[in-house]
Number of protein chains: 2
Amino acid sequence: MEETARVIEAIWELLDAGRDERLADLLAEAHPADVARAIRELPVKDQVRVFRLLTPQHAGAVLGELDDPTLRELVRSLDEAEVSRALDRMPSDEVVNVVEELPKEQAEEILDLMEEGKAEEVQELLEYPEGTAGRLMSPDFVAVLETATVAQAIEHIRKAKTGDGAFYVYVVDDHDHLVGFVPLHRLITADPATTISAIRTEDVESVTADTDQEEVARLVQRYDLIQVPVVDANRRLLGVIGVEDVLDVIREEATEDIQRLGGVGGDENVLDPPQSVFTKRLVWRLINLGTAVLAASVIGLFEQSIQSLATLAVFMPIVASMGGIGTTQTATIVVRGIALGDMTGSVLRRVLWKELWLGLTTGAANGLVIAAIAYVWKGQILLALILAMALVFNMLVAAVVGTLIPVALKAFRIDPAIASSVIITTFTDVCGFFSFLGLATVLIRFLL
Amino acid sequence: MEETARVIEAIWELLDAGRDERLADLLAEAHPADVARAIRELPVKDQVRVFRLLTPQHAGAVLGELDDPTLRELVRSLDEAEVSRALDRMPSDEVVNVVEELPKEQAEEILDLMEEGKAEEVQELLEYPEGTAGRLMSPDFVAVLETATVAQAIEHIRKAKTGDGAFYVYVVDDHDHLVGFVPLHRLITADPATTISAIRTEDVESVTADTDQEEVARLVQRYDLIQVPVVDANRRLLGVIGVEDVLDVIREEATEDIQRLGGVGGDENVLDPPQSVFTKRLVWRLINLGTAVLAASVIGLFEQSIQSLATLAVFMPIVASMGGIGTTQTATIVVRGIALGDMTGSVLRRVLWKELWLGLTTGAANGLVIAAIAYVWKGQILLALILAMALVFNMLVAAVVGTLIPVALKAFRIDPAIASSVIITTFTDVCGFFSFLGLATVLIRFLL
């Protein structure tokens, strides 16, 4: 990414020096993605200045590359007319990517100012719900009749206005139904007199407009696709989704999983204003407070034992902490396995055994270590044994909970990634405190 | 994925019924990815049976689609000759994907049995270190001289043996240096008499063979590429990396981040045999044990206070637990931000303020709630206040630690994702116990 860093630095320098003409030249040559990177690190008045130095064509592309918080901030400082002029130059599916991130009123005003044809196309795409194939697709593609010859197909491509992003020609029958595709490479190497139906691939993976974008991403990854056609209920071709949009989906989904496992919203950006994420953060922190109080109430049951032997309070959090790492490790593997499609019902038993085996073996190893530490520290062999037993038991609980809770959530069609440590470690906290303090209480007269 | 499920079920049924001929027909029509899915859920002797029913062409593709543990298990049960026959039919970059996962000796034996030319190509690719662009690239591409005409270029494509996966023609000068590319779409729509140099895109993003695969993935995502050319130090074209390989990299990298944040190896699969992951799991669990003992030793300092007032032991883990969620949330956002390239040095201050603001506000809210609970439960207003203060303080520590530690790790070129809860919550555990028990100890005579 040295290229990006170089562009960013050059933009800053020219901005500082006030050399706007030179800056405009530089911007015209830079990749929109690099310009977007540079813009997000500027104060908003400089963002506006850079934006106004861009050609309208380029300005639209830069808007499309901005991260959401920066996009909203910049557009708030621009005239709707400027924004609509820039968007007029962009393919309609990319306009959708920008407009859907803006406040509703502003989005409508901008669409009103855009060219009618383009605005209508955008409106149509916006009618598909967020997160579906319809919302992702581009209505620009080349389709030819199966009865056409290769020469006719090439002539058709020449006349169509799709750009360099077309890698396939889609094949339709005379009712516009999708019946195959031909990669451009095959078209070039085929005899011009051949009919398309003779060289098409019939087996074409397609999705309907209401297909979930995650499903589209899985299809692309499983079958190594470059482009996925989107069809209606009658298999009529509506649009195509390019792999570059799928890359964005994959990145978003990974972010969602990572963040949910960490007990955060799922779509938070490091640069989001704190007020906008306050509620989501607070909710998880309150849930955590609730589970912590639950665990504390278990300790409360044994207050008498702790009063008699305060050493118990010293070792108590160790058992809970080891249960925590146990559940977190197991749940992480299982949640990721579900996302990748590796963790299916038929392998559940195998995974559960694996986790129990790991819980027992690592639990035993850790138990030995902590027993030795406890014995050396406090000189009580029985206390050391109780601690080790509680730890092994808790690691087994961790194996079961960490495996089954994500799977159960998935079965109930809840995102398994919300089985974050906040939720599942409650089980091991409670079991850990209960087993350690319970055993110690039963045997307390030998400990004093 | 209904298609996949249907194929899997059909394979199972035909296997059970022993209808091998019918099964071979079905397998020939199914997508290798679906066959691979079906195979992994079978006992190994059925895996071998299915594999032997595949055509050699298809068999290689299926091997390429298997997950690593299943691949290793299946290949162990096959003859090296069978495997080499299947691999002979595959493009050399895909052979690399299979061979690199096998035990070294077996891999060498298989390569010895393969066709000489193919084996050499594979060996050459295997010389590039794992995780580099060289290891990912395919040596199959079409390159034309910049002085050629469009008609000559098309003629050249016809003669080249690259398949449907070619989407670009690369342009080289007479020293074989990469000087541009032409998308096939543009080639088709251009006048056959035009020279290539007139229609090529000069600005071609390329990588060198030793570029890290993560860097390749970032380039593909930033510039929406379908294919990345790989060049040597003199800009001579060595190969191309397709977006489908980059998708695998992105998936692997996301898995690595998710797993490391969860305190697991980074490349563990749910189906890995437990023995093979034992050591990695154990190491993290032992590290966690160490940090837990460290936290326990802080409690040990205040054993006297707990002896006098066992209620302290009840509330103590709440402060630590809230510090834990605070650091985990913050670190998750920051680690993901670093991976996406959003979290750069220039925004560090902004992010730190955001996290401090969130720590203070949510800390205050949570502090109020826990103070109320503690007061109602134990009737001690001073204890409730101490608890609330320690909690707010710990949330501020969490904000600082959760932001700065991943950034510092990144600065030292260590994967920030290892700033998992195991490591960073140690800080909040220690600070939490210290602030709560310390305050209580100073004020203990008002609490008794």
Report the trypsin sites (Lys or Arg not before Pro) located in the stretch A:120-181 that are in a DSSP loop and have at most 16 other Cβ atoms inside 10 Å of their Cβ, or state none.
-> A:Lys161
From zero up to wherever the largest Cα-Cα distance of the stretch A:239-346 sits, split into 10 Å bins and tell me the percent of pairs in each.
-> 11, 26, 28, 21, 10, 3, 1, 0
May I ask you to list, by number, the DSSP H helices of chain A whose Cα span along the axis is at least 20 Å and whose average Kyte-Doolittle hydropathy reaches -1.0 or more?
-> A:2-17, A:243-261, A:274-301, A:311-340, A:348-378, A:381-411, A:421-442
Loop-resident GluC sites (Glu not before Pro) in the stretch B:1-76 with no more than 10 other Cβ atoms inside 10 Å, DSSP not H/G/I/E/B, are none
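Quick one: what do you get for the stretch B:144-245 if you divide its Cα Rg by 2.2 N^0.38 Å?
Relative to the 2.2 N^0.38 Å estimate, the stretch B:144-245 comes out at 1.06.
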Per-pair calculated FRET efficiency, R0 = 41 Å: A:Ile287 and B:Asn234 via Cβ, rounded to 0.05 | 0.10
Place the peptides A:236-242, B:280-286 in order of packing, highest mean first, counting for every residue the other Cβ atoms within 10 Å and averaging per peptide.
-> A:236-242, B:280-286
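Strictly greater than 10 Å: what percent of every Cα pair in the stretch B:370-410 meets that?
Of the Cα pairs, 70 percent sit more than 10 Å apart.
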Based on the Cβ-Cβ distance from A:Glu205 to B:Leu360, what FRET efficiency comes out when R0 is 56 Å, to the nearest 0.05?
-> 0.65
So the FRET efficiency between B:Asp248 and A:Asp20, C-beta based with R0 = 35 Å and rounded to 0.05, is 0.20
Compute the label-point distances linking A:Pro139 to its equivalents in the other copies; points lie 7 Å from Cα along Cα→Cβ; give nm, one decimal, shortest first.
-> 4.8
Kindly list the residues of the stretch B:255-272 that lie in the label zone of A:Arg350, defined by a backbone N under 13 Å from the point 7 Å along the Cα-to-C-beta vector.
-> B:269-272
Beyond 22 Å between alpha-carbons counts as too far, so tell me which of A:Lys410/B:Lys354; B:Lys45/B:Lys118; A:Lys354/B:Lys280; A:Lys280/B:Lys354; A:Lys280/B:Lys280; A:Lys45/B:Lys410 fall in that bin.
-> A:Lys410/B:Lys354; B:Lys45/B:Lys118; A:Lys280/B:Lys280; A:Lys45/B:Lys410
For A:Lys159 and B:His156, extending 7 Å from Cα along the Cα-Cβ vector and measuring point to point gives, in nm, a value of 3.1 nm
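I'd like to know how the protein assembly as shown sits against the 2.2 N^0.38 Å rule of thumb: what's its Cα Rg over that expected value? Write down the numbers at each step before the final one.
Working: Rg = 30.4 Å, N = 896, 2.2 N^0.38 = 29.1 Å.
Here the Cα radius of gyration is 1.04 times the empirical estimate.
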Could you give me the percent of Cα pairs per 10 Å distance bin for the stretch B:109-195, shortest bin first, beginning at zero and ending with the bin that holds the maximum distance?
-> 15, 37, 29, 16, 3, 0
Between A:Thr208 and residues 5 or more places away or on another chain, the pairs with built amide H atoms under 5 Å apart involve A:Val231
Taking amide hydrogens as modeled 1.01 Å from N in the peptide plane, which residues meet the under 5 Å criterion relative to A:Thr132, leaving out close sequence neighbours?
-> A:Gln213
Using only Cα atoms, what is the ratio of the radius of gyration of the stretch A:1-98 to 2.2 N^0.38 Å?
-> 0.99
In percent, what relative contact order does the stretch A:288-402 have, based on Cα pairs under 8 Å that are 6 or more apart in sequence?
-> 36 percent
If you put a point 7 Å past Cα along the Cβ direction, how far is that point for B:Leu448 from the same point in each other copy, in nm, smallest first?
-> 1.9
Between the label point of A:Trp353 and that of the same position in each other copy, find the distances and list them shortest first in nm, with every label point placed 7 Å from Cα along the Cα-to-C-beta direction.
-> 5.8
What relative contact order, as a whole-number percentage, does the stretch A:390-448 give when Cα pairs under 8 Å and 6 or more residues apart are counted?
-> 41 percent
Once both labels are modelled 7 Å past Cα along the beta-carbon direction, what's the B:Gln123-A:Leu301 spacing in nm?
-> 6.8 nm
Could you tell me the distance between the Cα centroids of the stretch B:302-323 and the stretch A:165-187, to the nearest Å?
-> 70 Å
Using DSSP, restrict attention to beta bridges with both residues in chain A and report what percent are antiparallel, rounded to the nearest 5.
-> 75 percent
Tell me which lysines have Cα within less than 21 Å of B:Lys378's Cα, excluding those fewer than 8 residues away on the same chain?
-> none
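So what is the relative contact order of the stretch A:209-298, in percent, for Cα pairs below 8 Å that sit 6 or more residues apart?
Relative contact order of the stretch A:209-298: 17 percent.
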Counting only protein heavy atoms and rolling a 1.4 Å probe, how much accessible area do B and A lose on contact, total for both sides, in Å² to 100?
-> 11300 Å²
What percentage of the solvent-accessible surface of the protein assembly as shown, computed with a 1.4 Å probe over protein heavy atoms, is contributed by carbon and sulfur atoms?
-> 55 percent
At q = 0.24 Å⁻¹, base-10 log of I(q)/I(0) for the stretch B:197-255 (Debye sum, equal scatterers on each alpha carbon) = -1.00
A correct Kirkwood calculation over the Cα atoms of chain A returns a hydrodynamic radius in Å of 26.6 Å
Roughly how large, in nm² to one decimal, is the mean projection of the convex hull of the alpha-carbon atoms in the stretch B:1-47?
-> 3.0 nm²
Amide H of B:Val240: which non-local residues (sequence gap of 5 or more, or other chain) have their own amide H closer than 5 Å, using H built in the peptide plane?
-> B:Ser138, B:Asp140, B:Val230
Find the percent of Cα-Cα distances in the stretch B:291-394 that exceed 21 Å, and round it to a whole number.
-> 47 percent
Considering only B:Pro416, B:Pro103, B:Pro406, give the residue with the highest GNM mean-square fluctuation for chain B, with springs between Cα atoms whenever their separation is below 10 Å.
-> B:Pro103
With labels modelled as points extended 7 Å from the Cα through the Cβ direction, what inter-label distance (nm, one decimal) is found for A:Lys378 paired with A:Glu215?
-> 5.6 nm
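The values are calculated or read from the model by the stated rules, or taken from the named source; none is laboratory data. The structure presented is a predicted model; accordingly, all values stated were derived computationally and were not measured. All Cβ positions, glycine included, derive from the backbone under ideal geometry; neighbour counts span all protein chains shown. Accessible surface areas use protein heavy atoms only, side chains included; no ligands, DNA or RNA. Shrake-Rupley method; radii C 1.70, N 1.55, O 1.52, S 1.80 Å.
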